[in-house]
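Accompanying notes for the structure given below.
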Amino acid sequence: MNMTPKIHYLKSLELLKHLDEHKESSFFAVIDNKVKNHLPQWIQFSPRIYWLSNPELQKNLETYQDIVDFFLDQGIERTSVIYAIGGGATSDLAGFVASTLLRGIKWRVIPTTLLSMVDAAIGGKVAVNLPKGKNLIGSFYHPEEILLCGDFLKTNSPADILSGEGEIIKYGFLSQEVNELIMAKKPLEEIIEACAHFKMEIVKKDFKETGERINLNLGHTFGHAFEHLWKIPHGQAVLLGLKSVFQLFDLKSSLSELAQLMKARGVDESFIELGKFTSIKMDDFLKTIYSDKKKQQAKLRFILVKRVGSCYVEELSSSELKKMLEANEDLHHLFGVN
């Protein structure tokens, strides 16, 4: 197992200096073309860069093979370093290449989206997608370093920022420190750094998600279903997942906390108004949830909040969940029930 990476929050000039110091021939990178103009000219014209035009669509075995061939043609060696510069799909793909090429090459990640800065680029999970589903081929492989730079947020669309805010608000339930920073309306850069360090501390204790790391899945059991069925951004799906699960288990204090955190981060409650989405067939919803990777044998696992900084797990069978959904009037419009 590779060592836990260091996290650095750098200003733009500090990041450029770091990159210039690693300008030697061992520098290889997989980069989202979207941020090309925000990088030094020597990187823009380097022959050792594999540029991604659409990372989400390219996170597959075909692109993986193409990157491997490209790097081998460019003379990559085991002593080389691969940089991943982009959002979560870019780091997933580049990290998987690094974990497997020549039996493992060092890599570093520079996340450029808010979502990847606080979540996707941290934790050592790397993977590619298959037609049968997301992240079905992958490994746990830490980068050497995670270099955070808030200047890349300028490249994010409003939808990108809102998606990242969904994960930040989730951290507001998991970490007392993040909660306090959000409620005090501290600068986004300060909140990003706190979220990243909090996740890394959890990962240090539970690298392969056999214990405490499962708490990071708060809001994801329903959230992944919403993301898949409605084709909405990940962070929005997580917030919808939080709201609907809190409603399902009648956690009024958690619903109140969610509203307060969203208000503090300037996220309008209409962003997670379930009524504005098309209704879902109950069987489709249950099938999607049941196929989610967080099921434990025949049980579905839900992360719930006791209080800020303290979570617990409830397990339900598919039939138990269906009965609870049918009995919960707050969620009837999800399934077109009058």
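We did not get these values from a lab; they are worked out from the coordinates using the rules stated. Because the structure is a prediction, the values reported are computed rather than measured. Using ideal geometry, Cβ is built from the backbone for each residue, glycine included, and neighbour counts are taken over all protein chains shown.
Computed from Cα positions, the angle between helix 158-174 and the longest principal axis of the chain comes to roughly 70 degrees.
So which GluC sites (Glu not before Pro) in segment 11-45 end up in coil per DSSP with only 11 or fewer other C-beta atoms within 10 Å?
Values: sites: Glu14, Glu21, Glu24; in loops: Glu24.
Passing sites in segment 11-45 are Glu24.
Extents of the chain, largest first, come to 63, 43, 35 Å (Cα atoms, principal axes, whole angstrom). With the largest listed first and rounded to whole Å, the semi-axes of the equivalent ellipsoid of segment 1-47 from the Cα gyration tensor are 20, 15, 12. Antiparallel beta bridges, as assigned by DSSP with both residues in the chain, represent about 40 percent of the total such bridges. Counted over segment 6-155, the DSSP beta bridges are approximately 20% antiparallel. With q set to 0.20 Å⁻¹, the log10 of I(q)/I(0) for segment 6-155, from the Debye formula over equal scatterers at the Cα positions, is -1.30. Compute the helix-to-body angle for 220-230: its Cα long axis versus the longest principal axis of the chain, expressed 0 to 90° and rounded to tens. Helix 220-230 sits at roughly 80 degrees to that axis.
Cα to Cα, under 19 Å, and not fewer than 8 places away if on the same chain: which aspartates and glutamates meet these conditions relative to Lys263? Filter leaves Asp160, Glu165, Glu167, Glu177, Glu180, Glu189, Glu190, Glu273.
Based on Cβ point charges of +1 for Lys and Arg and -1 for Asp and Glu, what charge dipole magnitude is obtained for segment 1-103 about its Cα centre, in debye rounded to the nearest 20?
Working: 10 positive and 12 negative charges, 62 e Å.
Using only the charged Cβ atoms, the result is roughly 300 debye.
By how many degrees, 0 to 90 and rounded to 10, does the Cα axis of helix 234-248 deviate from the longest principal axis of the chain? The two axes meet at around 20 degrees.
Return the subset of Lys154/Lys204; Lys17/Lys170; Lys132/Lys322; Lys59/Lys287 for which the Cα-Cα distance in this structure is over 27 Å, preserving the input order.
Numbers: Lys154/Lys204 31 Å; Lys17/Lys170 34 Å; Lys132/Lys322 25 Å; Lys59/Lys287 24 Å.
In this structure, Lys154/Lys204; Lys17/Lys170 exceed 27 Å between Cα atoms.
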